[in-house]
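What follows is one structure encoded as structure tokens, with my remarks underneath.
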Amino acid sequence: MANKQALRDLQARLAERLQAARTQVRGQSWLAIECSGRGFLLPLREAGEIFALTPILPVPYSHRWFLGVANLRGHLHGVVDLAGFLGVKTHEAGREQSRLVGFNAALDINCVLMVDKLSGLRSDDELTPEPQDDAVARPAFAGAVLRDANGRLWQELNLAALVGDEAFLKIVG
């Protein structure tokens, strides 16, 4: 009899915690990446699988930032050099730490972003928003600029807006 009561109590506690988790407001979480020494934050809910750098087949007549296509888990994905696309590429970085970051399947695009380096995960409580200069034109996919505890600036990139950006989708120059 005592075992049945303990099981009921456990089930009640689990149901309460599950309900609290559903109604609790969750903060934003990001995948922190680096490209040409700059820090970028990709919303974790919009990012997909991370791949090691694999052979890339070039696509003729495409922009320099569109590196080509790669076979990732049996599917062809377009490969975009993120630093090149954003116009922040300062040098050709060593590719030993480079990774390919995919998009969440819900965004319905077979594309990966080549980044120089992964820098871990970040959450709202680790970052503070920086004031924005409204006079500076920014693309729709550029979100807030945030500062971490070490004073480093991170630019948020909205991947859902990026996949709808006309310049991003137009790979031929």
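The values are calculated or read from the model by the stated rules, or taken from the named source; none is laboratory data. Since the structure is predicted, the reported quantities are computational estimates derived from the model, not experimental observations. FYI the Cβ positions are ideal-geometry reconstructions off the backbone, even for glycines, and counts take in every protein chain you see.
Please specify each residue of segment 100-153 satisfying the condition of being surrounded by fewer than 13 Cβ atoms within 10 Å (Cβ to Cβ) and assigned to a strand (DSSP E or B).
The answer is G120, L121, S123, T128, P129, L153.
Write out, first by first residue and then by second, each pair whose Cβ atoms fall under 7 Å of each other, whose residues are 6+ apart or on separate chains, and whose first residue, in segment 40-57, is within 12 Å of W30 (Cα to Cα) and charged (D, E, K, R) while the second is modelled with pLDDT of 95 or more and surrounded by 14 or more Cβ atoms within 10 Å (Cβ to Cβ).
Pairs found: R45/N104; E46/F103; E46/N104; E46/L107; E46/L159; E46/A160.
Considering only residues of segment 81-99 that are outside any helix (DSSP H, G or I) and either crowded, with 17+ Cβ neighbours inside 10 Å or aromatic (F, W, Y) (or both), which is modelled with the lowest pLDDT?
It comes out as A93.
Write out, first by first residue and then by second, each pair whose Cβ atoms fall under 7 Å of each other, whose residues are 6+ apart or on separate chains, and whose first residue, in segment 122-145, is farther than 15 Å from P43 by Cβ and in contact (Cβ under 8 Å) with a residue 40 or more places away in the chain while the second is assigned to a loop (DSSP other than H, G, I, E, B) and not polar (S, T, N, Q).
Listed pairs, sorted by first residue: D125/G27.
Can you say whether L157 is surrounded by 13 or more Cβ atoms within 10 Å (Cβ to Cβ), closer than 30 Å to P55 by Cβ and in contact with a Phe, Trp or Tyr (Cβ under 6 Å, 6 or more places away or on another chain), as far as the supplied structure shows?
Considered against the rule, which asks whether it is surrounded by 13 or more Cβ atoms within 10 Å (Cβ to Cβ), closer than 30 Å to P55 by Cβ and in contact with a Phe, Trp or Tyr (Cβ under 6 Å, 6 or more places away or on another chain), L157 comes out as yes.
In segment 25-74, which strands (runs of 3 or more DSSP E) lie fully inside it and hold 3 or more residues that are touching a His at 6+ places or on another chain (Cβ under 7 Å) and buried (at least 18 other Cβ atoms within 10 Å of the Cβ)?
none
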